[in-house]
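Report on one structure; see the data block that follows.
The values are calculated or read from the model by the stated rules, or taken from the named source; none is laboratory data. Computed from a prediction, not measured in an experiment: that's the story for all the values here. Note that we place each Cβ from the backbone using ideal geometry, even for glycine, and neighbour counts take in every protein chain shown. The accessibility values were calculated without ligands, DNA or RNA, using every heavy atom of the protein model including side chains. Shrake-Rupley method; radii C 1.70, N 1.55, O 1.52, S 1.80 Å.
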Amino acid sequence: MKEVTIQEPHRLGIVEARRRVAGWQAHVERQHKVSVSWFPNGYTATLGGTVGGNVWVRETDVVVKLTLGVLAGLFASQIEAGVRHHLQAALRG
């Protein structure tokens with residue numbers, strides 16, 4: 001198993017950042033068959049499906065921690081770059 005952590009800073013505040021992360025969520029669910037399940041607080045989620053992990057939306061950043069299986073781990077740098085790209089795009093609006 002390989003872990004990848006992506007931390008993206010923002011100046012949006014936690015509520016706006018969470019709203020924008022919804023666009024990123026739609027992309028990963030549709031394109032990558034990853035489920036995103038939010039905890040009742042609305043700012044922490046678990047990822048399941050083709051990868052596992054967590055998402056934390058915080059006041060000044062969003063952190064995505066992925067747990068990749070052996071095969072996906074071979075493509076960790078490409079997966080990280082793709083997640084970072086789409087997360088940055090979502091936060092830019």
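Filtering the range 69-88 to residues that are free of Cβ contacts under 8 Å to residues at least 60 places away in the same chain and of a type in the set (Gly, Ala, Ser) leaves SER77, ALA81, GLY82.
Looking at LEU66, is it open to solvent by less than 30 Å² (accessible area, probe 1.4 Å), in contact (Cβ under 8 Å) with a residue 60 or more places away in the chain, of a type in the set (A, V, I, L, M) and in contact with a helix residue (DSSP H, G or I) (Cβ under 6 Å, 6 or more places away or on another chain)? Write out each step before concluding.
Numbers: open to solvent by less than 30 Å² (accessible area, probe 1.4 Å): yes; in contact (Cβ under 8 Å) with a residue 60 or more places away in the chain: yes; of a type in the set (A, V, I, L, M): yes; in contact with a helix residue (DSSP H, G or I) (Cβ under 6 Å, 6 or more places away or on another chain): no.
Spelling it out, it is not the case that LEU66 is open to solvent by less than 30 Å² (accessible area, probe 1.4 Å), in contact (Cβ under 8 Å) with a residue 60 or more places away in the chain, of a type in the set (A, V, I, L, M) and in contact with a helix residue (DSSP H, G or I) (Cβ under 6 Å, 6 or more places away or on another chain).
Does VAL34 count as among the hydrophobic types (A, V, I, L, M, F, W, C) and in contact with a strand residue (DSSP E or B) (Cβ under 8 Å, 6 or more places away or on another chain)? Criteria met by VAL34.
Residues checked against (1) open to solvent by less than 20 Å² (accessible area, probe 1.4 Å); (2) not β-branched (Val, Ile, Thr):
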| position | (1), (2) |
| --- | --- |
| GLY13 | yes, yes |
| TRP24 | yes, yes |
| HIS27 | no, yes |
| ARG30 | no, yes |
| THR44 | no, no |
| ASP61 | yes, yes |
| SER77 | no, yes |
| HIS86 | no, yes |
| ALA89 | no, yes |
